[in-house]
Each structure stands twice: as structure tokens, then as C-alpha cells.
Amino acid sequence: MSISTVFLVFSVIFALLMIAVGVVTRKWVQDSSDFILAGREISLALNIFGVAAIGFAGTSIALSPGFAILYGFWGSFITMGIIYSICGLSFYGLLFTSFVRRCGAQTLPEWLEIRFDQKVRLVITIGTILGLTGIMANNVVSMAGVVTGFTGWSPIGTISVIFLTFLIFSYLGGFWAITFTDFLQLVLGLVAMPLILFSLFKNYGNFEWLNTNWTGPASFMDAGLRGLTMPVFSLKYPSFLTFAFLFAAFLVWGNNYYWLRAASCRSERVAKWSYFWAGILLCIVFYIPLTLVGSFTGAKFPELFAPVGTVPATAAFGVFLRQLPVFVASYLLLTSLAAGISTSTTAHIGAASVAVRDIYGRLIRPQATPRELVTPSRVILLILGVLVWVLNFYPGGPMYLFAFSTAWLGPPSLLVLLGVVWKRFNSTAAFWSAILSMLTMAVLTVLELSGTFKISLYMHVGIAGFIAAIVPAVLLTFVSESRYYGKPGWERVPTDSNREKVTLDETDVQILALINKGYESMSEIADMLGVDAGLMNTRIEKLDRGGYIVRASMTGSGFYTFSLSKRGTEALPPMSEEEKQLAAANLSYDSLRILRAVDKSQQTLPALINSGEYSSLKMSVIVAKLIRNGYLSEGGFWKRSLAVTGAGADALKKFKDVATKEIPAVV
């Protein structure tokens, strides 16, 4: 049986499985928050798999072996294993995820409105959509190149099939479907990596064979076949410096789908450690074998690869597969196809979430409920597919398409970094920094493609964009007005003399009441009230200026963590004796009702969401607080499973006479 036939059978089975996943997970999507964030229910193990699956992508399968041939083992491994996996993913988990979970923004551009203003949000939204659709197209092209080089199928036909497969199941199941695919893809990859190592040693030889047959002027570890080493501080692509900007800061820190991954986790702890361990997993388990594919294949076929031969170094994985038995090669090819589809769908949902939350839901239908946004989310997903199709044919292939795409994520990565650590950094500086950076990259890209002026001879366009961003960001900060908390003399803790007089309305009092009940982060408050985090921030700033709340700190996650001041406590409406007793036990009528619902049957929770009384995110917040206070325990690899603890059972007995709304029957 030919390789094309075997691979076709494997691919059809895989495609049908993906579509079936979309059909099943569609039942889990109860509102737009489920479609985009999976209801903030992603577990630790599942997010480790999800984040690692993004890194084990069509791009890495093309670039890791390719860079090993061009620049040696260290040139490839430091780039993908250290710079991307550790400095990008693991550091993101340690430095940013707590802040992402607490700020309340479902998308990165949404946070930019919280920190700056709506103009900045809109500008970054446009760049984010372009960057993420480019990354998505890059993975499709990378996988199509591997498949067509191995099977001889039509490039356009292969691109079309891959494209339609991920589009269909993403449309059906949203983030849940993508999460399932990431899990499956990584399972395939975990089987594939030892199989790759075994095949390398069996078909080529051991490391002694590799050293003996490496024809380069230096060791296979230190330089490529033609003696090239990866430049360190060059501004031109590729170099370690440009990779640090493009693959760590831009690709991860400024990327909306990594933001979504953190925002979708069950807790801050899950978000933090899932990113940390995913980076370690990728570095050791995946990038070492993929880099060795390039080293061994380059040693076996030194005259095959360009510039001596005609085969690009990025096709080394396909060359390696040709040496293997049909079924082994088909499985590894399917694994690489799954890797490309997995990352493409994650980028697709990242772009779609931005379009839904930051354009459609903010500017076109601001009053739409999460349930009303489900269908628009799916339609926008399809519309963005057209842009992906166009970018599939970007000149230069995967290596340059990926670098071009990540460059557009540079402005948001800079704004995130400065916005988190520098309270004086303001909206004027952020807006013009983003505008000038994006215009610079757009003009330079057009000039490069037209042959008029080649910026690549001097530096990568992303570096030029970064320079165009950082200079106005710093200069304009010192000559334009900052938010109130960035002005000299502002004090974090309110006193009788350092705040202004503000008039509270009913919503302001609701926010104070929620903080008093223990919902201390802006994420929890926004989800409880079901409002956009940008609108919630306006309320929070009003309460801060009026001296009703105290921020935990002026930077990082503490900036979005609140407690009541003396003035805030005095502004609360009087509580009944029953409410006081519940509050003393860290409970409320809502949380007691949910505790009773779980005690009756966890299946009552979806019924409460379907009834419209609770959004999926509000339910998630209440459940998380009950877990935090020891009334519920959680488990579950996929959907969250809950159980009432001993403390929860005691609370139910203690408050058995407290009346709450009726709990729906389980159908």
C-alpha cells in the first residue's frame, strides 16, 4: 500500500474525529464566554497540553530541523527550546498570568482599553487580527508543504482540505473543540517523539555516526552544514536577538491566544503553572528530537539541501519521513498535520475573539448578551477564514510569513509590558506608539515586497516597528497627561484629604457589596455583573478616586485586587441579621443556592445557566469562591467536577432554614 493511500486513510479518520469533536463540544457552548473561554473551566493538565500543543506546531516542525541544518544544533535549540519555550512560555506563566486572570479582560485589546482608552483598543485589535490570521495561515502552509513534498498532492488542494477541516470543527465547538484537539494532538506528539528518536538511531546511526558523517567545517552542535552559526546580536533575521523579540516577547507576550489560554483557566494557580510546565515540556520532550531530525537528515543528505541542493532546509522533516516504513511515516506525517491544525485553530479563535469582543460586541451590538453573541462569533470565525486563505500565499514561504505575522504582535507586547510596570505610561503615548509602529511596518513591508527598499538588509521589520514604538512611547509619556494614578503625589491608600468627592449610584454600591462579599478582583466583579471589563474599569476608577476602595498595589496583579476602605464600608446598605450571618461564613444567598445545587446534583448548574439566571462566567466565579473557602472540592480533566466538602455540608446544615431561589430539577 502506498504512502499516499495510508496517509489518506489516516487523514480521513482524523478529520472525521475532529468534526465529531466539534459536534459533541457544541453542546457545551451555552453562551459566547463558553465559545471563547470555555467558561473558565480549563484544568491544569489540560492547559499544559493546550499550551504545549500550540508550541508543537507546523512552524516548529519546519523550523527546528531547518535551523539545525543551517545553523547547527545549538542554533536551533536555543531559538525554539530556550528563547520561545522558556523565555516566552514559562516566563509568561510566572510574570503575567496572575495579572491576566485578575484584570477581567477576556482579550488582550480589551485590557488595553482598561489601561489606556478605546482608541488604543481598536488600533491593537486591527494589528492583532492581522498577526493571528498570518500565524494561522503560516501553520496551514507549513503543513501543506510537508504533506505535498511527501505525497505529491496538489499544494492548493492540500491547503484547502487542511483549511476546511479546522474551520468546520472550530465553527461548531469553539474553544472547547480546540482544547480537545490540542489534547489529542499532544498525545499523538508524545508518542511520536520517542518514535522519531528510535527511527533516527535505527535508520541513520548513533551520535558517533552523526559526528563522523557531518560534513560541515565545525561540529553539528556548533554550526550548520555550510559553517554558518546563528548570529547573536544582529538586527537582521534570523539571529538570537531578533528571535528574542519575535518568538518570546512578540509571539507570546503580545499574543491574544496566549492571553485566552490564561483567561480560560480555572484559577490563577492553574494558569501560572500550566504555562511554566508547558514550556519545560516543549523544551525537553519536543524540541530536542525535532532538532535532531535536522542534524541527522543533514548528515545523511548533505548535498540535498539548499544552497548546494534544491530542497529547502525547512523541508527536512519530510525528507526524514521518506526513509521510514509506510505506516510509521504516515503516523508521523499525521502527527505533524495535527500539530499544524491545532495551532491554526488556536490562532483562529484568538483572532475571532478579538473581532467579537473588541469590534462587534463593543462597537456594533454593545447591549448583546453572551447568549446572543454565540452566532455572531461563529459567523466572524468564517469571515476571518477568507483573510487566512489570502495570507496562505504570502511570498517567501513559512519562514518569512511567520516572522512577518509575529511582527504585528510587537506593539501590544510593548504596551502590555509598559502598562503593567510603569503607571505613568499613558493613553496618548500608547496610541501614537502603536500607530507609528504599525504604519512603519506596513510601509516597510510594501516597500520590501515591491523591491523598492529592502529593510531586511539592515534589520527585521519587527525590530524597525519596535524602535518606532519605544521612542514615542517614552518621549510622549513625559509630555502628555497620565491617568490620575500615574500623576506625582497620588497615594494608593485613601485618607480624608487625598481623594475627591464622587456621587455613587446603584451599580457602584453593587460593586462595593461584591467586594465586601469577598469578590476581590476586577475579573470576579465584571463576571458577576456580566459587563465588559472596560466599562467595569471606569466604575473602579471612580471608586478609587473617591476613596471607597484600596488597590493591593500599583503594579501587576495587585492593581486589579481591591478591598474596601472605611468610606467604602460606610457606603454599604445595612444588612439583615441573616445576611450578616452568611457574610461571616463567606457566603451569600447566591453562593448558598449554588452550594445547595451542587449538593442536589452538579447537573443543575447547566440548567441554571440555560435558564438565563447565570452566565457561565458568573457561575464560574461563584464556584471558584466556594472552592477557595473550602465548601467545594473540584476535579475533572475535561469539564469541572464538583463535590461538597465536610465544611460545605456543615454550612448547608447551619443555613438550612435560609430561603433561596428554587433549584431547577435535573432533566
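Details
- Subset of segment 80-126 (residues that are of a type in the set (S, T, N, Q) and at pLDDT below 95): T97, S98, Q106, T107, Q118, T125
- The set of residues in segment 446-456 being closer than 13 Å to Y237 by Cβ and among the hydroxyl-bearing types (S, T, Y) consists of S456 alone.
- Of all the listed residues (L363, L382), the sole one being at pLDDT below 75, in contact with a helix residue (DSSP H, G or I) (Cβ under 7 Å, 6 or more places away or on another chain) and open to solvent by 10 Å² or more (accessible area, probe 1.4 Å) is L382.
- Residue list for segment 293-312, filter: open to solvent by 10 Å² or more (accessible area, probe 1.4 Å) and under 32 Å from the mean Cα position of the chain (by Cα): P312
- Across segment 420-462, the number of residues qualifying as in contact (Cβ under 8 Å) with a residue 12 or more places away in the chain, outside any loop (DSSP other than H, G, I, E, B) and open to solvent by less than 50 Å² (accessible area, probe 1.4 Å) comes to 17.
- Restricting attention to segment 181-197, the residues being open to solvent by less than 10 Å² (accessible area, probe 1.4 Å), among the hydrophobic types (A, V, I, L, M, F, W, C) and within 21 Å of the chain's Cα centre (by Cα) number 1.
- Test: residue in segment 463-470 that is touching a residue at least 24 places away in the same chain (Cβ under 8 Å), farther than 26 Å from Q106 by Cβ and touching an Asp or Glu at 6+ places or on another chain (Cβ under 9 Å): no
- Among (1) assigned to a loop (DSSP other than H, G, I, E, B); (2) without any contact (Cβ under 8 Å) to a residue 60 or more places away in the chain; (3) exposed (fewer than 15 other Cβ atoms within 10 Å of the Cβ), the one test that W490 misses: (3)
- Filter result (more than 25 Å from K501 (Cβ to Cβ), open to solvent by 40 Å² or more (accessible area, probe 1.4 Å) and in a helix (DSSP H, G or I)) within segment 546-578: E577, E578
- Filter result for F402 (open to solvent by less than 40 Å² (accessible area, probe 1.4 Å), outside any helix (DSSP H, G or I) and either out of contact with any strand residue (DSSP E or B) (no Cβ under 9 Å at 6 or more places or on another chain) or modelled with pLDDT of 80 or more (or both)): no
- For segment 627-641, a residue qualifies if it is basic (K, R), open to solvent by 50 Å² or more (accessible area, probe 1.4 Å) and assigned to a loop (DSSP other than H, G, I, E, B), and exactly one does: K639.
- Lone unmet requirement of (1) closer than 28 Å to W259 by Cα; (2) open to solvent by 30 Å² or more (accessible area, probe 1.4 Å); (3) outside any strand (DSSP E or B) for L543: (2)
- The set of residues in segment 263-292 that are among the β-branched types (V, I, T) and open to solvent by less than 10 Å² (accessible area, probe 1.4 Å) comprises V270, T291.
- Only one of A430, A513, A473, A434 that is in contact with a Pro (Cβ under 6 Å, 6 or more places away or on another chain) and at pLDDT 90 or above: A434
- Taken over segment 78-89, the residue count meeting the criterion of being crowded, with 24+ Cβ neighbours inside 10 Å and more than 21 Å from the chain's Cα centre (by Cα) is 0.
- Among the conditions (1) at pLDDT 95 or above; (2) within 30 Å of F183 (Cβ to Cβ); (3) of a type in the set (D, E, K, R), the only one that D544 does not satisfy is (2).
Residue-by-condition table, conditions (1) part of a helix (DSSP H, G or I); (2) touching a residue at least 60 places away in the same chain (Cβ under 8 Å); (3) open to solvent by 30 Å² or more (accessible area, probe 1.4 Å); (4) out of contact with any Cys (no Cβ under 7 Å at 6 or more places or on another chain):
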{"site": "L605", "(1), (2), (3), (4)": "yes, no, no, yes"}
{"site": "G612", "(1), (2), (3), (4)": "no, yes, yes, yes"}
{"site": "S620", "(1), (2), (3), (4)": "yes, yes, no, yes"}
{"site": "K625", "(1), (2), (3), (4)": "yes, yes, no, yes"}
{"site": "A643", "(1), (2), (3), (4)": "no, no, yes, yes"}
{"site": "A649", "(1), (2), (3), (4)": "yes, no, yes, yes"}
{"site": "E662", "(1), (2), (3), (4)": "no, no, yes, yes"}
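- The residues of segment 520-540 that are under 17 Å from A263 (Cβ atoms) and part of a loop (DSSP other than H, G, I, E, B), listed by number, are G530, V531, D532.
The values are calculated or read from the model by the stated rules, or taken from the named source; none is laboratory data. No experiment lies behind these values; they were computed from the predicted model shown. A quick note on method: Cβ atoms are made from the backbone with ideal geometry, for glycine too, and the neighbour counts reach across all protein chains shown. Note: areas computed on protein heavy atoms with side chains; ligands, DNA, RNA excluded. Shrake-Rupley method; radii C 1.70, N 1.55, O 1.52, S 1.80 Å.
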